[in-house]
Every structure is written in structure tokens, then in C-alpha cells.
Amino acid sequence: MKIETIAIHAANHVDPSSKAVIQPIVLSTTFERAADGTYPGGHIYSRASNPNRTLLENVLAKLEGGADAAAFASGNAAGMAVFQSLPVGTHIIAPDDMYHGLRNQLKNLFAGILTFDFIDINDSDILQKQIKPETGLIWIETPSNPLLKITDIKKVVAIARQQNIMVACDNTFSTPICQQPLALGADLVMHSSTKYFGGHSDLMGGVLITKEKNEKWAKIRQVQEMGGAIPSPMDCYMLARSIKTLPYRVRGHVQNAQLLAEFLEKHPKVEKVMYPGLPSHPQHQIAKEQMSGFGGMLSFCVKGGPEEAKRVINSLKLFTQATSLGGVESLIEHRASVEGPDTKTPFNLLRVSVGLEHIDDLIDDLSIALG
Ligand SMILES: *Cc1c(COP(=O)(O)O)cnc(C)c1O
């Protein structure tokens with residue numbers, strides 16, 4: 001089946017008791033046992049599994065072409081489950097512009113438990129040199145946040161394979177509509193489903209999808225069940241509902257982002273545009289090979305420094321100045337001030353989550369704000 005069909009049908013089962021076409025939200029925390037002690041409904045207790053979560057996990061696994069998926073209460077909880085599943089002392093290699101929330105998680109919560117290096121993962125020499133006997137995980141994020149750097153997934157996988165190191169890819173910016181890391185050799189995919197999967201800036205969630213149901217995955221499932229950072233049935237329901245339109249929404253985001261990037265690149269007040277769909281992007285070729293769409297996120301640097309960048313952002317009418325991404329409405333943010341004092345993000349950089357408004361209105365708004 002094609003991805004549009006999977007998105008709609010994988011989470012749609014007529015409810016056997018009520019014949020409801022859409023799965024009811026099952027709020028019950030506990031499920032009845034049969035006389036022989038078994039659980040004929042397949043569920044015992046909602047921390048371990050719940051009908052809404054099971055259906056959601058089923059559709060997520062299918063969308064990424066994986067063997068199984070696990071849903072969490074947030075993207076950070078999903079990332080944390082991966083780190084918690086690793087034996088004490090494991091060494092992690094992560095990108096130097098890793099999503100700041102997960103980088104801070106490693107630094108603040110896992111120091112002394114795991115070791116990690118944040119490096120330029122695209123440089124094969126640097127990557128090879130960082131690999132130690134205790135390296136157990138290479139974490140990648142492509143396109144990266146907020147610099148939109150592309151990591152060559154196949155190249156990293158080829159290096160990791162030689163040493164039997166797990167490769168996990170944060171696929172939040174791409175979604176499975178634009179990029180399928182498991183098909184390119186990665187072992188694990190992570191998403192903040194708060195973003196494009198949810199798509200309406202009204203729910204938090206995170207997911208992990210595995211290529212194989214192996215021992216490492218069993219450990220992650222244990223973290224999910226025993227740690228209990230699970231999404232509510234309501235959130236699972238909303239996510240399954242949103243996913244039905246994911247392929248069409250993402251295509252709209254991609255189309256608008258490409259046009260907006262092209263407009264910005266030609267604008268005299270813009271110093272630089274970072275979008276993998278532009279031929280000027282340093283890794284445009286790799287992006288073309290591993291992505292089927294370039295995503296809905298872009299960043300640009302304004303001429304005139306941080307003061308001018310702030311003036312632009314405050315002059316916009318349609319773009320809301322807020323963090324996060326992937327919703328139908330366009331958001332813009334001065335990224336360096338969100339990331340805190342140790343940020344390497346340029347101070348004149350603005351990050352845009354391009355929404356699904358009409359592109360002419362978006363361009364008009366930016367055009368007036370830039371002056
Ligand atoms: C938002 C985000 C996360 C964290 O997800 P939450 O749902 O906010 O916990 C991780 N990675 C990327 C790339 C993100 O954009």
C-alpha cells in the first residue's frame with residue numbers, strides 16, 4: 001500500500017462491539033480477565049498497552065516501514081527511552097547541532113551514566129576517530145535544527161555497521177513522507193510527534209520506530225512500560241486522527257517552504273537561506289538522494305545583525321513568533337535566544353516553520369517586514 005492509504009487505513013478499524021467506524025477513546029485503565037486468567041481483549045493495564053496506543057503504534061510502524069513502534073508522552077521522553085535503554089558506560093556519538101533539548105538532556109541527566117561526544121558527524125574522518133570500543137549509539141538528526149544541515153544517512157550507517165553500532169535518526173523535520181531512515185539502513189527512528197504528526201500545535205508526543213524487534217528494542221519497550229512516560233488515550237486518538245492527513249499536509253508544507261526559500265534567497269535584505277531544496281545548500285545533492293521532499297523548515301540570516309532580525313520578526317503579521325514547528329500555521333523564531341548561552345546559532349538567524357497558508361500571503365507578509 002502507498003503511504004496515503006496506510007495513513008488513513010492502518011489506524012481505522014470498525015469497533016467490533018459498537019460498529020463505530022472510528023475507534024472510540026478507551027479511557028479505562030484496566031481490562032477484564034477471563035475465567036481462565038487470560039486477557040481476551042489483549043490488554044491488561046493501560047501503562048503497558050491501551051487500544052488507542054496500540055493502533056497508533058501500528059500506524060507509526062507502517063509509515064516508517066518498521067517492525068514495531070512505541071509511543072511516548074513527548075519527543076524528549078522518546079529520546080530518553082533510547083538513552084535509558086543503553087548499558088551504563090555506553091559511549092554515544094551525536095551531532096554538534098543536535099536538537100538542544102536532547103543535547104541538554106544528555107549533558108544534565110546522563111553525565112556519569114553514559115559518555116558522549118558532539119561532533120561534525122558529516123566528516124567521516126572525525127566520526128571514525130570518535131568511535132571507541134564502548135560506542136553503542138550514533139545519533140543523527142537530518143535535516144538538523146536549526147541549521148538544516150544534511151547528514152548522509154547511508155554513509156554513517158556504513159561506518160556504524162563495521163563496529164555493530166546502533167544508528168538512531170531523529171526524523172522530526174522530515175517525517176516519513178520526505179525521508180525513511182530505516183530503508184537507508186538506520187536501526188531506529190525517533191520523532192517528536194508534537195510537530196508534523198500532530199500538525200496542529202495542540203498535542204505533545206514522541207515516538208520510536210524500530211527496524212527489527214531485537215533485544216535492544218525489548219529494552220526500549222521495558223523503559224516505556226516501566227518508566228511509564230506514555231501518551232494518554234486522548235492524545236493517541238488525536239495523533240491517529242492527524243496522521244490521516246499527514247502526507248497531504250507535508251506536501252503542502254514542502255511546496256510552500258521551497259517557494260518561500262526561493263523568495264528569501266533573492267531578497268536583498270537576506271544574507272543567507274538554509275533550505276535543503278535550494279541548489280545553493282552545501283548538501284543539496286545528498287538531500288536529493290535521500291529525501292523525497294525537502295521538508296517544511298527553513299532558516300535565514302538577516303543582513304544588519306540581531307537587531308534587524310528582531311525588527312523583522314516583530315513586524316510580521318501572519319507569522320506567529322513562537323517556538324515549535326510542524327503546525328498548519330506559520331511560526332517564526334529567533335533561535336539563538338531560545339537555545340541559551342552556549343548556542344552556536346548565528347544571532348541574526350530566524351527559523352521558520354512554513355505553514356499551510358497561501359504562499360502569496362506568506363511572501364507578502366515577509367516582503368513588507370523585510371522592507
Ligand atoms: C521538538 C523536537 C524534539 C523534542 O520533542 P518534544 O515533543 O518537544 O519533547 C526533538 N527533536 C526535534 C528535532 C524537535 O524538533
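The values are calculated or read from the model by the stated rules, or taken from the named source; none is laboratory data. Computed from a prediction, not measured in an experiment: that's the story for all the values here. Neighbour counts are summed over all protein chains in view; Cβ atoms, including those assigned to glycine, are modelled from backbone coordinates with ideal geometry. In case anyone asks, the SASA skips ligands and DNA or RNA and just uses the protein heavy atoms, side chains included. Shrake-Rupley method; radii C 1.70, N 1.55, O 1.52, S 1.80 Å.
Laid out as a table, the results:
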item: Matching residues, region 183-202, being part of a loop (DSSP other than H, G, I, E, B), of a type outside the set (S, T, N, Q) and open to solvent by less than 10 Å² (accessible area, probe 1.4 Å); result: A186, Y196, F197, G198, G199
item: Unique residue being in a helix (DSSP H, G or I), charged (D, E, K, R) and either touching a helix residue (DSSP H, G or I) at 6+ places or on another chain (Cβ under 6 Å) or surrounded by fewer than 17 Cβ atoms within 10 Å (Cβ to Cβ) (or both) when the list is K219, K213; result: K219
item: Lone qualifier among A71, A67 - being among the small types (G, A, S), open to solvent by less than 10 Å² (accessible area, probe 1.4 Å) and at pLDDT 95 or above; result: A71
item: Wholly within region 59-155, strands (runs of 3 or more DSSP E) carrying at least 2 residues that are within 11 Å of the ligand (Cβ to nearest atom); result: 135-141
item: Of the criteria (1) within 27 Å of P279 (Cα to Cα); (2) surrounded by fewer than 19 Cβ atoms within 10 Å (Cβ to Cβ), which one Q163 fails; result: (1)
item: Flag if G89 is open to solvent by 10 Å² or more (accessible area, probe 1.4 Å) and in contact with a His (Cβ under 7 Å, 6 or more places away or on another chain); result: no
item: Residue satisfying condition, being open to solvent by less than 40 Å² (accessible area, probe 1.4 Å) and either in a loop (DSSP other than H, G, I, E, B) or under 19 Å from A240 (Cβ atoms) (or both), within set D15, D36; result: D15
item: Of residues in region 156-176 being under 20 Å from A78 (Cα atoms) and hydrophobic (A, V, I, L, M, F, W, C), the one nearest to the ligand (Cβ to nearest atom); result: F173
item: Residue ID - farthest from the chain's Cα centre (by Cα), chosen from residues in region 339-364 that are surrounded by fewer than 16 Cβ atoms within 10 Å (Cβ to Cβ) and outside any loop (DSSP other than H, G, I, E, B); result: D364
